[in-house]
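*Asks:* Take this structure first; my questions come after.
Values quoted throughout were computed directly from the atomic coordinates according to the rules given, and no laboratory measurement underlies them. None of the values given here were measured: they were computed from a predicted structure. Every residue, glycine as well, gets a Cβ built from its backbone with ideal geometry; the counts of neighbours run over all protein chains shown.
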């Protein structure tokens, strides 16, 4: 096998470790998958009644794609925790002392987390459908929406690996995790940005989470929550550009940080 | 490359800018012959772990040279990693996976086929007496079992050199004995082992040769017996009954001491050259001063004293 072949094979071996975790401790992973569903029920059930939707439309039509995008952001927490824990417990060092390419370690994380996010989306979509959310566009458009969501997750994965390698202990991880929430909430995930004060709405509009949520809503043909603005009108492009930008910045940062573990 | 020297380090230097992450190395030298166990002994912060991390390619040195089995740790990292096993300070096994799943995974990462990895895992579990717990999650293992699993994981492909970094730190005495017997078995099988420890007893038990590390530099090197002999003097221990006597005793025996007299609660230890004469003189002068010690004994120096003598550091309990 060539270098890339081995890197993929080793990456898969490392990713399989996470799959075994799912089997050995199903409680944890199932909670992880159902947590976004809980958010969906919480916000939909608690606030849905107070949301005036045109034509008596269900709030879930707006909320479900928002929670999709939000769950991609919250996936970051799992990535960070896994990376920090492995480094702290010496597992990363053990991997690094093996005669395999260092790419494989990062690739393993990547494969496992993307699979996890895929299941998260499937569970969430099933819950959404059960609550009355529908996509009104074509099946292909729906697939494209899910692809954009996973692209956002892939981009945030590198942010997570970078932060995970940069912080040394579990307590700091908890702090960073708390900081992720306002980032997620300051978006069009729950409400139209036009309902916010102008300056806040503008920030929320430019949140990458909003771009992906808006793009997904437009592909699902769900109601739009973006105010009329440049970024709102070009959500599809923004939902591509934001993740690509994040990847361009954080993929090199994360891999450099990984190599510099030896400094 | 000399066929004999499996580990060679010449003037290795490593400086941590902040000085917080760990102790650096200031001209670290080491030569280890094939098939021997070398103990790297030193207090916390002496640079033991830094040395192991550099030799196992996990950390880059600032300057100097080091080779493992003739391969340069800086330029031929992958070749080095093919020939080493590393047991780090923590049991670096996946706690959710079973012992067997861990070993199969590390086998696959050493590029064994699935069948060979499974077979090898079985052999190692047997060898390290983990067969009964093989299919339990590693989180349920005792500290000693986890370290043995850790040892097994670093032996999947018989390494030429095994690094064992403080293998028994935090283990109870039973766990310590388990790990020691594991390391002894390896030595029987001809593996070269570099063991770091703060426990003198451990180095004395396991190592053929000991390098004592202080502030990132080897300050003494030799077999445990050589190191003990280097300190030379025998010790005369006086057990007193009254702490108030200590100053008077010190004044009386000061002239006999061949080195620094040490006081530890009620025990006064005097390094002496001529055993019998010292014994007689001390006994006589104490009796003249009407001081009755609880006990007087003569003994050879312990490694602890060598350690203290050379590093000036307190001996870890």
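*Asks:* Which shape class, rounded, prolate or oblate, goes with the range B:30-88 when its Cα gyration tensor gives a ≥ b ≥ c as root eigenvalues, a/c under 1.5 marks rounded, and past that a/b bigger than b/c marks prolate?
*Replies:* The shape class here is oblate.
*Asks:* Before rounding to the nearest 500, sum -39500 (n - 2.57) across all DSSP H runs of length at least 4 in chain B and divide by the residue total; then give [θ] at 222 nm in deg cm²/dmol.
*Replies:* -10500 deg cm²/dmol
*Asks:* Return the single residue from A:184, A:44, A:56 with maximal mean-square fluctuation; model: Gaussian network over chain A, springs between Cα atoms under 10 Å.
*Replies:* Result: A:56 has the largest fluctuation of those listed.
*Asks:* Okay, next question. What angle do you read, to the nearest 10 degrees and between 0 and 90, between the alpha-carbon axis of helix A:60-88 and the longest principal axis of chain A?
*Replies:* The angle comes out near 20 degrees.
*Asks:* In nanometres, what is the gap between the two model label sites at residue B:280 and residue A:140, each 7 Å from Cα along Cα-to-Cβ?
*Replies:* 11.0
*Asks:* Semi-axes, largest first, in whole Å: what does sqrt of 5 times each Cα gyration tensor eigenvalue give for the protein assembly as shown?
*Replies:* 62, 27, 21
*Asks:* To test your reading of the geometry: what angle, between 0 and 90 degrees and rounded to tens, separates the Cα axis of helix A:208-220 from the longest principal axis of chain A?
*Replies:* The angle comes out at about 60 degrees.
*Asks:* Still on this structure, I have one more. Against the longest principal axis of chain B, how steep is helix B:99-109, in degrees 0 to 90 to the nearest 10, with axes from Cα atoms?
*Replies:* So the inclination is approximately 70 degrees.
*Asks:* How high is the relative contact order of chain B, in percent, with contacts defined as C-alpha pairs under 8 Å that are six or more residues apart?
*Replies:* Reported as a whole number, the value is 20 percent.
*Asks:* If I model the range A:20-178 as equal point scatterers sitting on the Cα atoms and use the Debye formula, what is log10 I(q)/I(0) at q = 0.16, 0.19, 0.21 Å⁻¹?
*Replies:* Treating every Cα as an identical point scatterer, log10 I(q)/I(0) equals -0.96, -1.21, -1.38.
*Asks:* Another one. Once R0 is set to 56 Å, what does the formula 1/(1 + (r/R0)^6) return for the Cβ-Cβ distance between residue B:174 and residue A:19, expressed as a FRET efficiency to the nearest 0.05?
*Replies:* The formula returns an efficiency of 0.95 here.
*Asks:* Can I ask one more? What is the distance in Å between the Cα centroid of the range A:76-126 and that of the range A:192-263?
*Replies:* Here the answer is 23 Å between Cα centres.
*Asks:* Shifting gears a bit: Averaged over A:97-107, how many beta carbons belonging to a partner chain fall within 10 Å of each residue's beta carbon?
*Replies:* Counting Cβ atoms of other protein chains within 10 Å of each residue's Cβ and averaging gives 5.
*Asks:* Within the range A:7-26, what residues put their amide N at less than 19 Å from the label point 7 Å along the Cα-to-Cβ vector of residue B:140?
*Replies:* A:20-26
*Asks:* Please compute the average number of Cβ atoms from other chains found within 10 Å of each residue's Cβ in peptide A:85-95.
*Replies:* That average works out to 5.
*Asks:* Would you look at the GNM of chain A, springs on alpha carbons closer than 10 Å, and say which of A:246, A:165, A:98 moves the most?
*Replies:* Result for chain A, Cα springs under 10 Å: A:98 fluctuates most.
*Asks:* Tally the DSSP beta bridges in the protein assembly as shown and give the antiparallel ones as a percent, rounded to 5.
*Replies:* 65
*Asks:* I've got another one for you. Looking at chain A as a GNM with Cα springs under 10 Å, which of A:140, A:240, A:63 has the largest mean-square fluctuation?
*Replies:* Most flexible of the set in this elastic network: A:140.
*Asks:* Same structure, new question: If packing is taken as the average count of other Cβ atoms within 10 Å, what order do B:187-198, B:158-169 fall into, highest mean first?
*Replies:* For the peptides B:187-198, B:158-169, the packing ranking is B:158-169, B:187-198.
*Asks:* I want the antiparallel fraction of DSSP beta bridges within chain B, as a percent rounded to 5.
*Replies:* Just about 65 percent of them are antiparallel.
*Asks:* Using Cα pairs under 8 angstrom and six or more residues apart, how large is the relative contact order of the range B:86-197, in percent?
*Replies:* 33
*Asks:* Say each of residue A:170 and residue B:260 gets a label point 7 Å from the Cα, pointing the same way as Cα to Cβ; how far apart are those two points in nm?
*Replies:* It is 4.2 nm.
*Asks:* When Cβ neighbours within 10 Å are restricted to other protein chains, what is their mean count per residue of peptide B:93-105?
*Replies:* What the average comes to for B:93-105 is 4.
*Asks:* I need A:251, A:156 ordered by Cβ neighbour count within 10 Å, fewest first.
*Replies:* By the 10 Å Cβ count, ascending: A:251, A:156.
*Asks:* Quick check: the distance between the Cα centres of the range B:173-201 and the range B:44-102, to the nearest angstrom?
*Replies:* The range B:173-201 and the range B:44-102 have Cα centres separated by 17 Å.
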